[in-house]
1. Using the Karplus curve 6.51 cos²θ - 1.76 cosθ + 1.60 with θ = phi - 60°, work out ³J(HN,Hα) for each residue of the stretch 195-212 in order, rounded to whole Hz, and write x for Gly and Pro.
2. Amide H of Val128 versus every other amide H placed in the peptide plane: which residues, excluding those fewer than 5 positions away on the same chain, fall under 5 Å?
3. Contour minus end-to-end for Asp99 and Val146, with contour as 0.36 nm per residue of separation and end-to-end as the Cα-Cα distance?
4. Going by how many other beta carbons lie within 10 Å of each one, how would you line up Thr194, Thr55, Thr161, fewest first?
5. May I ask you to compute the full-extension gain from Phe49 to Thr161, defined as 0.36 nm times their residue separation minus their alpha-carbon distance, rounded to one decimal in nm?
6. Towards the positive end of the charge dipole of the stretch 147-188, with charges on Cβ (+1 Lys, Arg; -1 Asp, Glu), say which of Ala165, Ile179, Gly151 has the farthest Cα.
Amino acid sequence: MVEKEKAQQPQAPREKVRLVFKKKKSKGHHGGAWKVAYADFVTGMMALFIVLWLTSQSSLIRAYIGQYFTDPGAYKTTKIQESKVEGSVFAQGSKKSIDEVIKNMDASKMGLIKSLQKFKDIKQDMTVNVTPDGLEIDLSDTDKMVFFKPGSAEITEDAKTKLTATFYGMPRIEYPILIEGHTDAAPTGRADYTNWELSGDRANALRRIIEDMNVGKVIEVRAYGASRLFRTDLPYDPSNRRVSFIIKMSEEKKEEETSQNAEKKEEQRPDF
């Protein structure tokens, strides 16, 4: 009976067990300042390695790199090749001031150095083009200086005066000289006298002055007409009307001199 009464008594509800998950508190971080410092360190190391790499490269590679930063567009339109000028290495197709070319020349070529310095009397900021043939100095028309009368091979009085003053007293250039004539795209207006004839006559006009004043030996005269415009985007620009004075300083002459010296030694060798 007692057991039956106990069974009929209501039982107290059980307490629910609550699970509590305790999160670990983060100690935090030091911010992003270390990333900036690390990036500066990596950048500095990269710059150091580039400088060390450049100093270990040949003068040719340094010349290529220097020309790229001077004129990046040249690497898209022209092929840059090696061109040696008196022991100094320049990138072919590059333009240098006369002072830069002289600076890289051997001191034994004092006569050629003085000759190049004289060209500055014609135009103070004149540049020298490094070509496969050697050093090319362009005598081109500008707004201030016109070398030939329009449509004619006759040299203007102003140009003749400057050329004569420049060539007077100039040490004789021992290297062969090439003369090239160029015109703009404007036609001459004559069917029997095109820009080809005009460019050739202008080149020969300069040749005669060079030979009369004993500047050097001209071995070749070339006429290009309007086929090699200096400014292809402006075919009628005055700079396209030019005569190029080229001092042939390629390796050919050195090879010829070496073979001639060898032949002389062979002739002088006594017979036994």
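1. After applying 6.51 cos²θ - 1.76 cosθ + 1.60, I find 5, 5, 5, 4, 5, x, 5, 5, 5, 5, 4, 5, 4, 4, 5, 4, 6, 5 Hz.
2. When sequence neighbours closer than 5 places are left aside, the close amide H contacts are Lys96, Ser97, Ile98.
3. Details: separation 47, 0.36 × 47 = 16.92 nm, distance 2.42 nm.
Residue separation times 0.36 nm, minus the Cα-Cα distance, leaves 14.5 nm.
4. Working: Thr194 14, Thr55 8, Thr161 11.
Least crowded to most crowded, the residues run Thr55, Thr161, Thr194.
5. Details: separation 112, 0.36 × 112 = 40.32 nm, distance 5.47 nm.
So the chain would gain 34.9 nm between Phe49 and Thr161.
6. Projecting each Cα onto the dipole axis, the largest value belongs to Ala165.
Since every read-out is calculated from the coordinates, none of them should be taken as a lab result. Here the structure is a predicted model, which means the values were calculated and not measured. Heads up, the Cβs are rebuilt from the backbone with ideal geometry, glycines too, and the neighbour counts pull from every protein chain shown.
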